[in-house]
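Worksheet: the structure to be examined is printed underneath.
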Amino acid sequence: MDSWVISQVSFWYTVNKVKPAQVVDKVIELFLDIVTPGRGAGENSWLMKGWRSIEQSFDRADREIEIRNDLRRWDNQFPEIHHELIVRWLSGAVVSIAVTSIYNGLKPRPRKKY
């Protein structure tokens, strides 16, 4: 019973306190770091390094705009499941699982009587 209460309190506290815009920004940033290709071979001159840097910046900005447009399209198509609501629920679930696991790990277990 006490684990259930801890789980519910941590879930709803997190759902109310999380800032979905910051979480979405971080997720987009991490995704772009993974998807955007790094420096390649053949960049031995300063001109090619500068050109590649500009190319990466534009590619990264273009992908970010595309992702944000997809999120906006999702919100318009499914207004009852807004992406910020999904972020809140997922954050709450992760925190709830973590807190419950920590609580159950720290809770003393009753000794078995033989």
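The values are calculated or read from the model by the stated rules, or taken from the named source; none is laboratory data. Please read all numbers here as calculations on a predicted model, not as lab measurements. With ideal geometry, Cβ positions are generated from the backbone for all residues, glycine too; neighbour counts draw on all protein chains shown.
For segment 73-97, filtering for residues that are of a type outside the set (Val, Ile, Thr), in a helix (DSSP H, G or I) and surrounded by 12 or more Cβ atoms within 10 Å (Cβ to Cβ) leaves 12. Please tell me if Arg60 is modelled with pLDDT under 90, over 28 Å from Thr36 (Cβ atoms) and either in contact with a Cys (Cβ under 7 Å, 6 or more places away or on another chain) or of a type in the set (D, E, K, R) (or both). So Arg60 does not fit the description; no. Kindly indicate whether Val15 is touching a Lys or Arg at 6+ places or on another chain (Cβ under 7 Å), at pLDDT 90 or above and not in a loop (DSSP other than H, G, I, E, B). Spelling it out, Val15 is indeed touching a Lys or Arg at 6+ places or on another chain (Cβ under 7 Å), at pLDDT 90 or above and not in a loop (DSSP other than H, G, I, E, B).
Give me a count of the residues in segment 46-85 that are basic (Lys, Arg) and within 14 Å of Phe31 (Cα to Cα).
Residues flagged as basic (Lys, Arg) and within 14 Å of Phe31 (Cα to Cα) within segment 46-85 amount to 3.
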